[in-house]
Amino acid sequence: MNRRLSLPIDCFVVLFVISSLLGVLPSYDRSLSIPLMTAVVASGIIYFVLAYGVRSRTSAHTVGTILAALGIGFALLFISQYGYQNYPETPGILLRLGNMTTLLPHAPDYYMHPNAAATFLEGLIPLGIGLIFSSRPRWFQAVWLVGSLVMLYAVLLTFSRGSFIALGLTLLIYILTKLPVRIRYGVIALLLIGLAALLFVPLGNVPILNSGQSWLLSRFELYRNSLYVAKDYLFTGIGLGDTFGLVYSRYGLLIAVPFLSYTHNLPLAVWMGQGLIGLLAFVALVVTFYCFVWKVMHTTKSGRTFNGAWLGVTAVLIHGLFDARQYVEPWLMMTLLFALIGLTVAGGRMSLVWLFNNVADSDSRYFPRFVFAGTLVALIGFGIVFNKSLQAAWITNLGALEETHGELIPEIEPEDQQVFYTAAEQQYQAALLLDSQFVAANRRLGNLMVKTRRYEGPVPMLEIALAGEPDNVASRKGLGLAYVWTGETEKAAATLLKLNNPEAMRDELYTWGNYQQEQGLPLFEAYAWETAQFMYPDGSNLSVLMRLADDFRISGEVERASYWYQKILEYDPDFEDAQTALNALSSASEQAQS
């Protein structure tokens, strides 16, 4: 019976671990993947040790006590070293408060990211609060009260807005479980209205609300851009470990240097690190976990350790919608998450076993079979209806891995890189044979051709991509650059001006121009600089315009050179070099005509 009670959760934990093993395969550098994969395997082991090794309420209470004590010790360390750290995003009042409570000497080797500290502590605070009410004697309850306040104070110092939201919503969820159904639905409706207001309604001059709104919107922009990248690697993901930064920058933003190191979203991190199998296992694990919690809470009297553990999981998962430290410090964060899941399952199983042994005809199932069957049927139907698109997505996924390996494998030789690029191009073309309008294949192939300096063919493909993904930076910026290198600079400017940060794109175009000049390609330098000028006309530095015009003249683009010499003279009629160059062009034109 015990095995039967936990079987659905067990299956999905095992599948999640297996997906981490598979997640090493697509990585462009497997040395980045092994540590995280090992931590996921260890987390699965911890789950089974606790879920099946904890067999009494006393042992469950002991495990909860140990975990809460670890949280208090961690919080004290964070607080005592706070003043020595550099946390630039933290408000001044919290910095001053943290400096006041930095009571220990500086530990030079210590550093903890505030979001990581918040992620760790938020999962243990509910356990600490539960111990306040379940411990004996009373002085021990006072110890846990102080310890819980210490952990809450440490979370406050982190200024982790995701953690604040997570703890607040977790408390609200617990309150909702105690309210009548009608009141519960009313509170949920008010909460949704408040969230919509925070996202979409101008909030005037309320600094803290404006800050929260900006933070949420920036997160959603990151998730949208990351989703576009994730869809390119729909089935396999990009590989476990520290692989996101370069992949996101190169194929999501089309920049060469890392911009962000991880996704800041737990489901996205699972998907990109462990592929579609990992994502499905994670979602199924969460669903079955809460089915199990619901079954326990509605059929038995759940213990406070059980409640503290599942509420801790809830806080971590809610914070996971805004952050994913489990994929940055996995040995601390991932293991804690699965320890809390295992402790919840252990406590719930003991309650259900007691019920089934003492109440006749009790149903041991907690995951409705019709849900599993319905989901399976829906997936099969989806696969049949969208068979061609799924095939194209799979082939594009394979091409994306080839391209990624060719570009990002450390110290790859040029001839080996070309082999990968050729294989990627063949995969993209095969996907387009299946579906000529498949957006991801059009975008990836178009941008690959631009990257390898084949400028004539990509424009139609990138136009298809942008029509299908008007908010995708890689589609818009890729098409804009394709227009640049084909000399359609006015189209390029109009396209690139619709990026979220067109000023940064203008600066990048000037950098591109300098690069093309270094490569001995003055015409491409002129195209880049002309696009930048069409985006933001600027007559404050006429030497730039003079160099632009000279590049067109050297490259034989007489009309465009004349246009820019005339533009210089509009800004400064006495600019002699521009007048001389323009006269020389006019004379050369007259001689050619005669």
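The values are calculated or read from the model by the stated rules, or taken from the named source; none is laboratory data. Quick caveat, the model's predicted, so the values are computed rather than measured. Cβ: placed from backbone, ideal geometry, glycine included. Neighbour counts: every protein chain shown. Remember, those area values only see protein heavy atoms, side chains included, never the ligands or the DNA or RNA. Shrake-Rupley method; radii C 1.70, N 1.55, O 1.52, S 1.80 Å.
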Members of segment 240-297 that are under 17 Å from CYS11 (Cβ atoms), hydroxyl-bearing (Ser, Thr, Tyr) and either within 18 Å of the chain's Cα centre (by Cα) or open to solvent by 30 Å² or more (accessible area, probe 1.4 Å) (or both): TYR290
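Conditions tested, residue by residue: (1) over 30 Å from ALA400 (Cα atoms); (2) modelled with pLDDT of 90 or more; (3) touching a helix residue (DSSP H, G or I) at 6+ places or on another chain (Cβ under 9 Å).
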{"site": "LEU15", "(1), (2), (3)": "no, yes, yes"}
{"site": "SER31", "(1), (2), (3)": "no, yes, no"}
{"site": "HIS61", "(1), (2), (3)": "yes, yes, yes"}
{"site": "ALA69", "(1), (2), (3)": "yes, yes, yes"}
Neighbours by Cβ (under 7 Å, 6+ apart or cross-chain): first from segment 455-469, in contact (Cβ under 8 Å) with a residue 40 or more places away in the chain; second of a type in the set (A, V, I, L, M) and surrounded by 15 or more Cβ atoms within 10 Å (Cβ to Cβ): GLU469/VAL439
GLY44 of a type in the set (Gly, Ala, Ser), out of contact with any strand residue (DSSP E or B) (no Cβ under 9 Å at 6 or more places or on another chain) and closer than 23 Å to LEU332 by Cβ: yes
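Yes/no matrix, rows are residues, columns are (1) open to solvent by 60 Å² or more (accessible area, probe 1.4 Å); (2) over 30 Å from LEU222 (Cβ atoms):
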{"position": "THR486", "(1), (2)": "no, yes"}
{"position": "ALA492", "(1), (2)": "no, no"}
{"position": "MET505", "(1), (2)": "no, no"}
{"position": "GLN519", "(1), (2)": "yes, yes"}
{"position": "GLU525", "(1), (2)": "no, yes"}
{"position": "GLN533", "(1), (2)": "no, yes"}
Single condition LEU496 does not satisfy, out of (1) open to solvent by less than 30 Å² (accessible area, probe 1.4 Å); (2) touching a residue at least 40 places away in the same chain (Cβ under 8 Å); (3) under 25 Å from PHE552 (Cβ atoms): (2)
Pairs, first touching a residue at least 24 places away in the same chain (Cβ under 8 Å) in segment 502-529, second part of a loop (DSSP other than H, G, I, E, B) and among the β-branched types (Val, Ile, Thr), C-beta under 8 Å, six or more apart: GLU508/ILE255
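Okay, residues lined up against (1) of a type in the set (Asp, Glu); (2) open to solvent by less than 50 Å² (accessible area, probe 1.4 Å):
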{"residue": "LEU379", "(1), (2)": "no, no"}
{"residue": "GLY383", "(1), (2)": "no, yes"}
{"residue": "PHE386", "(1), (2)": "no, no"}
{"residue": "SER389", "(1), (2)": "no, yes"}
{"residue": "VAL450", "(1), (2)": "no, yes"}
{"residue": "GLU456", "(1), (2)": "yes, no"}
{"residue": "LEU462", "(1), (2)": "no, yes"}
{"residue": "LEU481", "(1), (2)": "no, yes"}
Some residue of segment 146-169 being in contact with a Lys or Arg (Cβ under 8 Å, 6 or more places away or on another chain) and open to solvent by 40 Å² or more (accessible area, probe 1.4 Å): no
Residue within segment 396-403 that is at pLDDT 85 or above, open to solvent by 30 Å² or more (accessible area, probe 1.4 Å) and not hydroxyl-bearing (Ser, Thr, Tyr) present: yes
Out of GLU407, GLU425, GLU411, GLU402, sole residue that is outside any helix (DSSP H, G or I) and not hydroxyl-bearing (Ser, Thr, Tyr): GLU411
Identity of the residue in segment 535-555, modelled with pLDDT of 90 or more and in a loop (DSSP other than H, G, I, E, B), that ends up least open to solvent (accessible area, probe 1.4 Å): SER555
Test for VAL17: is it assigned to a loop (DSSP other than H, G, I, E, B) and aliphatic (A, V, I, L, M): no
Condition check for PHE235: modelled with pLDDT of 95 or more, open to solvent by 20 Å² or more (accessible area, probe 1.4 Å) and not basic (Lys, Arg): yes
Condition check for LEU321: outside any helix (DSSP H, G or I), open to solvent by 30 Å² or more (accessible area, probe 1.4 Å) and closer than 21 Å to THR158 by Cβ: yes
Condition check for ALA346: aliphatic (A, V, I, L, M), open to solvent by less than 10 Å² (accessible area, probe 1.4 Å), modelled with pLDDT of 95 or more and assigned to a helix (DSSP H, G or I): no
Residue in segment 214-239 that is farthest from the chain's Cα centre (by Cα), counting only those that are among the small types (Gly, Ala, Ser) and assigned to a helix (DSSP H, G or I): SER214
